[in-house]
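Taking it in order: structure first as structure tokens, then the write-up.
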Amino acid sequence: MNARSVAPLHRRNAFTLVELLVVIAIIGILVALLLPAIQAAREAARRTQCTNHLKQLALALHNYHDVHNRFPPSGIDGPTANGIWIRLAAFYEQQVLYDNYDFHGTWRNNMALAVESPPSVLLCPSGPDTVSKLASEESGGQLCQTTHYYGNAGPIGYNAWQSENYPRDTSRENSQFGEIATAGLFMLRSEIGFRDISDGTSNTVALGELSWEGYPFYRAWHRGLHWWNSGLSLSTTKTHKYPINIGRTPPGFSFAYNQGGYGSMHPGGANFALADGSTRFLADTVELELYLALCSRNGREPIQVP
């Protein structure tokens, strides 16, 4: 066979090492550019879901009021001390849970049911801490889920428009639990309703978000309150005393139990539901005087939600 008749062998093209390294570097740069955008999109979706949770809970509050002509109290019935979220459960699509709950027993008697059937609507999807911080709030070796949403117990501080302090119930305060506000929507054995919101439902906070990492007072979601040493602690309702997100400010902040510390892992603020059923994202830069005014139902402050 003639050597000239043999077809030449085709050379196989391939990346050189330098070209491969360049491609890898370009891919790495693109990933680095895209990752923040992806994370921002995910956080935006989580914030929207959190807003939807608060809207559902605000609607439940309205429906409860339609039936009972008042808001649920922060605690009632002596030692049972069941909180607002179990009282509202039938109105946010948890009728079966509500029907199986023993309201004649204490919140401790209902711990197994609370652990078995925690309502997902009570958790912000951006909140990293989802269970109680108290070791005794467990059943079958499993800690009870907490809540990231709290009823507005009222402001603690100075009403700049009326030149006076916001009202408190000093008879139930102690140094461990802190001040007890009385100008909010939820109180011990209260009968507060829409008729008592003289500042206007569109200018008064009903529910707020407290879902930041490391908050020390997460408790069982169905718990209402606790008495100790002549003091009252509020578990599913909290007062408003400090700026939004102050608990996330390094090196941390020391809270009394009742003073909450509203804030979230959403950048720049937290979600709130107003008494008219609408929701707002309040920035953590809002002035403290304005924030406290929004949490008073009858403080006579001529302000509007920003």
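The values are calculated or read from the model by the stated rules, or taken from the named source; none is laboratory data. From a predicted model like this one, the values you see are computed outputs, not experimental measurements. Please note: Cβ atoms are built from the backbone with ideal geometry, for glycine as well, and neighbour counts cover all protein chains shown.
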Exclusive hit being touching a Gly at 6+ places or on another chain (Cβ under 9 Å), loosely packed, with under 14 Cβ neighbours inside 10 Å and not hydrophobic (A, V, I, L, M, F, W, C), set GLN95, GLN162
GLN162
Among (1) more than 24 Å from GLU164 (Cα to Cα); (2) crowded, with 21+ Cβ neighbours inside 10 Å, where does LEU294 come up short?
(1)
Going by what's in this entry, would SER230 be described as in contact (Cβ under 8 Å) with a residue 40 or more places away in the chain and in contact with an Asp or Glu (Cβ under 7 Å, 6 or more places away or on another chain)?
no
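Mind checking which residues of region 123-158 are polar (S, T, N, Q) and outside any strand (DSSP E or B)? Talk me through it step by step, then tell me what you get.
So the first thing to find is which residues in region 123-158 are polar (S, T, N, Q), and the list is 126, 130, 132, 136, 139, 142, 145-147, 152.
Hits for region 123-158 are SER126, THR130, SER132, SER136, THR146, THR147.
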Can you tell me how many residues within region 128-174 are closer than 25 Å to ARG108 by Cα, of a type in the set (Gly, Ala, Ser) and touching a residue at least 24 places away in the same chain (Cβ under 8 Å)?
5
Checking the condition modelled with pLDDT of 95 or more and surrounded by fewer than 23 Cβ atoms within 10 Å (Cβ to Cβ), which residue from PHE272, PHE281 passes?
PHE281
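Among the residues of region 88-122, count how many are part of a loop (DSSP other than H, G, I, E, B), touching a strand residue (DSSP E or B) at 6+ places or on another chain (Cβ under 7 Å) and free of Cβ contacts under 8 Å to residues at least 60 places away in the same chain.
Within region 88-122, the subset part of a loop (DSSP other than H, G, I, E, B) is 88, 92-94, 101-110, 117-119.
Cutting the leftovers down to touching a strand residue (DSSP E or B) at 6+ places or on another chain (Cβ under 7 Å) gives us 103, 107, 118.
This time we only want the ones that are free of Cβ contacts under 8 Å to residues at least 60 places away in the same chain, so: 103.
Final tally of qualifying residues: 1.
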Is it the case, given these coordinates, that SER132 is at pLDDT below 95, within 19 Å of LYS238 (Cα to Cα) and hydroxyl-bearing (Ser, Thr, Tyr)?
no
Within region 201-219, is there a residue that is under 20 Å from the mean Cα position of the chain (by Cα), of a type outside the set (D, E, K, R), at pLDDT below 95 and surrounded by fewer than 16 Cβ atoms within 10 Å (Cβ to Cβ)?
yes
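How many residues are hydroxyl-bearing (Ser, Thr, Tyr), farther than 13 Å from GLY208 by Cα and not in a loop (DSSP other than H, G, I, E, B) if we restrict to region 247-289? Spell out how you get there, then give the answer.
Taking region 247-289 as the starting set, the residues that turn out to be hydroxyl-bearing (Ser, Thr, Tyr) are 249, 254, 257, 262, 264, 278-279, 285.
The next check asks that each one be farther than 13 Å from GLY208 by Cα; those that pass are 249, 254, 257, 285.
Within this subset, residues satisfying the condition of being not in a loop (DSSP other than H, G, I, E, B) are 257.
Within region 247-289, residues that are hydroxyl-bearing (Ser, Thr, Tyr), farther than 13 Å from GLY208 by Cα and not in a loop (DSSP other than H, G, I, E, B) number 1.
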Which of the residues spanning region 237-262 are hydroxyl-bearing (Ser, Thr, Tyr) and surrounded by 19 or more Cβ atoms within 10 Å (Cβ to Cβ)?
THR237, THR239, TYR242, TYR257, TYR262
For region 271-306, what are the residues that are free of Cβ contacts under 8 Å to residues at least 24 places away in the same chain and of a type in the set (A, V, I, L, M, F, W, C)?
LEU290
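Answer with yes or no whether LEU234 is aliphatic (A, V, I, L, M), surrounded by fewer than 24 Cβ atoms within 10 Å (Cβ to Cβ) and touching a helix residue (DSSP H, G or I) at 6+ places or on another chain (Cβ under 9 Å). Write out each step before concluding.
Numbers: aliphatic (A, V, I, L, M): yes; surrounded by fewer than 24 Cβ atoms within 10 Å (Cβ to Cβ): no; touching a helix residue (DSSP H, G or I) at 6+ places or on another chain (Cβ under 9 Å): yes.
Considered against the rule, which asks whether it is aliphatic (A, V, I, L, M), surrounded by fewer than 24 Cβ atoms within 10 Å (Cβ to Cβ) and touching a helix residue (DSSP H, G or I) at 6+ places or on another chain (Cβ under 9 Å), LEU234 comes out as no.
Of the residues GLY268, GLY263, which is of a type in the set (Gly, Ala, Ser) and in contact (Cβ under 8 Å) with a residue 24 or more places away in the chain?
Working: GLY268 fails: in contact (Cβ under 8 Å) with a residue 24 or more places away in the chain.
Answer to the selection: GLY263.
Can you go through SER198, SER163 and tell me which one is out of contact with any helix residue (DSSP H, G or I) (no Cβ under 9 Å at 6 or more places or on another chain) and at negative phi? Show your work before the answer.
Numbers: SER163 fails: at negative phi.
Sole residue among the options that is out of contact with any helix residue (DSSP H, G or I) (no Cβ under 9 Å at 6 or more places or on another chain) and at negative phi: SER198.
State all residues of region 77-100 that are over 13 Å from THR236 (Cα atoms), of a type outside the set (S, T, N, Q) and at pLDDT below 95; if no residue qualifies, say none.
Taking region 77-100 first, the residues over 13 Å from THR236 (Cα atoms) are 77-80, 89-100.
Those still in the list that are of a type outside the set (S, T, N, Q) too: 77-79, 89-93, 96-99.
Residues satisfying the conditions are ASP77, GLY78, PRO79, GLU93.
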